[in-house]
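Novice: Let me begin by handing over the structure; questions about it come next.
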Amino acid sequence: MKKIAVAMAKGGVGKTTTAVNLAHGLAESGKRVLLIDCDTQGQVVKFLGVKPKYSLYEFVKGHDDKGNIIPKNEVAEMARKNLWVIDGGLKLVELKHWLGEQPREVRQTILKNELVPKAGTLDYLIFDCSPGWDVLSVNILMAVEDVICPVALQGPAVEGLKTFFTYLLSAQKINKSLQLKYILPTLFDKRTRQSFEIFKQLKKMFPREVCEPIHYNVRLSEAPSYGKTIFEYRKKAIGAADYKKLIRRIAEDGK
Ligand SMILES: Nc1ncnc2c1ncn2[C@@H]1O[C@H](COP(=O)(O)OP(=O)(O)OP(=O)(O)O)[C@@H](O)[C@H]1O
Ligand SMILES: [Mg+2]
């Protein structure tokens, strides 16, 4: 099983768009995928048009607010064939607070220890991270091996990546198998010179990690309003073709 975090401290760079479309694309290719929303915005379930009863809060704590026991397999909701989802949302504010109160020596690995799927049941665990950096972000980076870092090809993109790098380095001191495996250029706009310049700069800095860019594609931004992934909404859109390339690369690496 591959455990992948879609993470980047900067907001609005395409983390959720990437996590959802990657998860669905892998599921469509026959892989069994669990997608976990680790953001208080709770966007993943909206992107997929489902409404799970429980969230990561109940999954980690094992009970609801009233103390009723909630079995872990009841928290993950089947969103599509081969694709299950664990919701994020406002309950994660409480979860982060609780994590922060746990003893220092166990605090960072609680998620990793709670998330142990039965052998052979899943092929991919994908985490959609929130922007910023907090106790839950650290928990995610303790629970995965690979990180996909979306970088928007606009504004001070490289500076944002450098900041995120310092966070990653501190996590790698504890989780030795953690690697920044993919740098995914997003919001690639052929009309702007800036897009080409940042892309070139990224390729020079990270020749192995940089993936083919995801174009700015209005269909990608429309699909979530219908609760659909790009493969359901407009499978012929350039955004679908771009994400297919990423899925192929990740599936190849998983062989
Ligand atoms: N390639 C793209 N082309 C056009 N719009 C996009 C693209 N990728 C993402 N978007 C849109 O940009 C906005 C931000 O994307 P998304 O929510 O995936 O970013 P995020 O990094 O998860 O944001 P946050 O940090 O707030 O969680 C959304 O409205 C999304 O639909
Ligand atoms: Mg997001």
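The values are calculated or read from the model by the stated rules, or taken from the named source; none is laboratory data. Being a predicted model, the structure only gives us computed values, none of them experimental. Methodologically, a virtual Cβ is constructed for each residue, glycine included, from the backbone with ideal geometry; neighbour enumeration extends over all protein chains shown. The area values use the complete protein model at the heavy-atom level, side chains included, leaving out ligands, DNA and RNA. Shrake-Rupley method; radii C 1.70, N 1.55, O 1.52, S 1.80 Å.
Novice: Do you know which residues across segment 73-88 are in contact with an Asp or Glu (Cβ under 9 Å, 6 or more places away or on another chain) and free of Cβ contacts under 8 Å to residues at least 24 places away in the same chain?
Specialist: 74, 75
Novice: Still on this structure, please answer the following. Tell me which residues, restricted to segment 1-36, are near ligand 1 (Cβ under 10 Å from one of its atoms) and not in a loop (DSSP other than H, G, I, E, B).
Specialist: 6, 15, 16, 17, 18, 19, 20, 21
Novice: Still on this structure, please answer the following. From the residues in segment 111-141 that are of a type in the set (Val, Ile, Thr) and within 16 Å of ligand 1 (Cβ to nearest atom), which one is surrounded by the most Cβ atoms within 10 Å (Cβ to Cβ)?
Specialist: So, considering only residues that are of a type in the set (Val, Ile, Thr) and within 16 Å of ligand 1 (Cβ to nearest atom), the one surrounded by the most Cβ atoms within 10 Å (Cβ to Cβ) is 126.
Novice: Scan segment 41-58 residue by residue and report those that are within 14 Å of ligand 2 (Cβ to nearest atom) and assigned to a helix (DSSP H, G or I).
Specialist: Selection gives 43, 44, 45, 46, 47, 48.
Novice: For segment 112-141, name all the residues that are in a helix (DSSP H, G or I), within 16 Å of residue 1 (Cβ to Cβ) and without any contact (Cβ under 8 Å) to a residue 60 or more places away in the chain.
Specialist: Selection gives 112, 113, 114.
Novice: I'm trying to understand the selection: among the residues of segment 214-229, which are touching a helix residue (DSSP H, G or I) at 6+ places or on another chain (Cβ under 6 Å), open to solvent by less than 70 Å² (accessible area, probe 1.4 Å) and near ligand 1 (Cβ under 9 Å from one of its atoms)?
Specialist: Within segment 214-229, 214, 215, 217, 220, 223, 224 qualify.
Novice: Output the residues belonging to segment 142-166 that are assigned to a helix (DSSP H, G or I), among the hydrophobic types (A, V, I, L, M, F, W, C) and either closer than 17 Å to residue 22 by Cα or open to solvent by 20 Å² or more (accessible area, probe 1.4 Å) (or both).
Specialist: 165
Novice: Identify, please: which residue in segment 22-40 is under 12 Å from residue 126 (Cα atoms) and within 16 Å of ligand 2 (Cβ to nearest atom) and is, among those, surrounded by the fewest Cβ atoms within 10 Å (Cβ to Cβ)?
Specialist: Per the stated criteria, the residue is 22.
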